[in-house]
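Take a look at the structure set out below.
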Amino acid sequence: MKKPSAKIREEIARLQDQLKQAETREAERIGRIALKAGLGDLEVEETDLQAAFEDLAKRFRAAKPAPNLREKRAAGGASSDTLLAPGAAQGNVSEA
């Protein structure tokens, strides 16, 4: 039997509420990370910041998914060097 339009509208409203809650959680998570990284102190145009975030998203989408820390520990441990993002500097740093 087909659903009446009222039931469909109720389901759509419920799903829209779930979507709004999920987007809020994601925005808060990204915002906390951005603040920890010091982005809150920068005076950057919103369009420039959005472009930088889009570049960052492309970088992470293109990167081969690495096992998470628990998987690495279960496989025999992980050093701090193995936890760096692709392209990040590795090795010892000495000051001149």
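What follows is calculated from the coordinates using simple rules that are stated; it is not laboratory data. Since this is a predicted model, take the numbers as computed values, not measurements. Every residue, glycine among them, receives a Cβ derived from its backbone with ideal geometry; neighbour counts consider all protein chains shown.
Please state the charge dipole magnitude for segment 5-75, taken about the Cα centre, from unit charges on C-beta atoms (+1 on K and R, -1 on D and E), reported in debye and rounded to the nearest 20.
Value, rounded to 20: 720 debye.
Once you sort the root eigenvalues of the Cα gyration tensor of segment 5-75 as a ≥ b ≥ c, which label holds: rounded (a/c under 1.5), prolate (a/b larger than b/c) or oblate (the other case)?
Note, shape of segment 5-75 comes out oblate.
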